[in-house]
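Remarks on the structure that follows.
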Amino acid sequence: HVSLTQFASLMWNHGPAMWAKMNELGIQVPRLTGQEMADLLAYLYVSHYFEQAASASRGRQLVQSKGCLTCHSVRGKGGKISADFATSKVVGSSASLVAGMWNHSRYMEAETEKQKISWPVLTGPEMADIDRYFQSLVKPSRR
């Protein structure tokens, strides 16, 4: 888990040893364009290189503590107002989850007002943990 600036300093500090090894192996040091570096960073970003490792167990705890089970359920346990996370079609991938949450937000806003409950606030790492938990609920054949 490193920030983008930490990544840059790691590359900077690793440069001399890497160049020496590349020279020893007869490999030319590549020059990267801004677009090539952007592509590399985009790949590392979607591979979660810059994130702390997500935890399904923390995600399970968050689903409970953030009040998600007031309306939702997991394998039939919890609320009955909205989808069961274990069988929902939006919990199989991170992109589907983000789209599902966005599409669900208007309905959820109305429901939180109706039930007089607070809108759950989530940080990026918390969302990653919840996503990991949801993915752990999905049967391998659905992935």
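Odds and ends about this structure:
- Fraction of accessible area attributable to carbon and sulfur, the chain (%, probe 1.4 Å): 60 percent
- Taking only the C-alpha atoms of the chain, the Rg (one decimal) and the largest Cα-Cα distance, Dmax (whole number), read 20.9, 69 Å.
- Taking every protein chain into account, the accessible area of the chain amounts to 72 square angstrom per residue (probe 1.4 Å).
- When you filter the chymotrypsin sites (Phe, Trp or Tyr not before Pro) in segment 9-55 for DSSP loop state and at most 15 other Cβ atoms inside 10 Å of their Cβ, you are left with TYR49, PHE50.
- Within a straight-line Cα-Cα reach of under 19 Å, LYS77 can be paired with the following lysines, leaving aside sequence neighbours fewer than 8 residues apart in one chain: LYS66, LYS89, LYS139.
- Cα centre as origin, Lys/Arg/Asp/Glu Cβ charges: segment 1-136 dipole, Debye: 540 debye
- Averaging 1/r across all pairs of distinct Cα atoms in segment 43-123 and inverting the result yields a Kirkwood radius of 14.0 Å.
- Estimated vicinal HN-Hα couplings, Hz - segment 17-30 in sequence order (Karplus 6.51, -1.76, 1.60; Gly, Pro = x): 5, 5, 5, 4, 5, 5, 4, 4, 8, x, 9, 6, 5, x
- In segment 1-130, a dipole from Cβ-located charges (positive for Lys and Arg, negative for Asp and Glu) runs towards its positive end, and of ILE81, SER57, GLN35 it is ILE81 whose Cα lies farthest in that direction.
- Within segment 36-115: Cβ-based charge dipole about Cα centre, in debye rounded to nearest 20 (Lys, Arg +1; Asp, Glu -1): 560 debye
- Selection of trypsin sites (Lys or Arg not before Pro), segment 1-74, meeting DSSP coil and at most 16 other Cβ within 10 Å: ARG31, LYS66
The values are calculated or read from the model by the stated rules, or taken from the named source; none is laboratory data. Computed from a prediction, not measured in an experiment: that's the story for all the values here. Ideal geometry is used to build each Cβ from the backbone, glycine not excepted, and the neighbour counts take in all protein chains shown. To get the accessible areas, we keep the full protein, side chains included, count just its heavy atoms, and leave off ligands, DNA and RNA. Shrake-Rupley method; radii C 1.70, N 1.55, O 1.52, S 1.80 Å.
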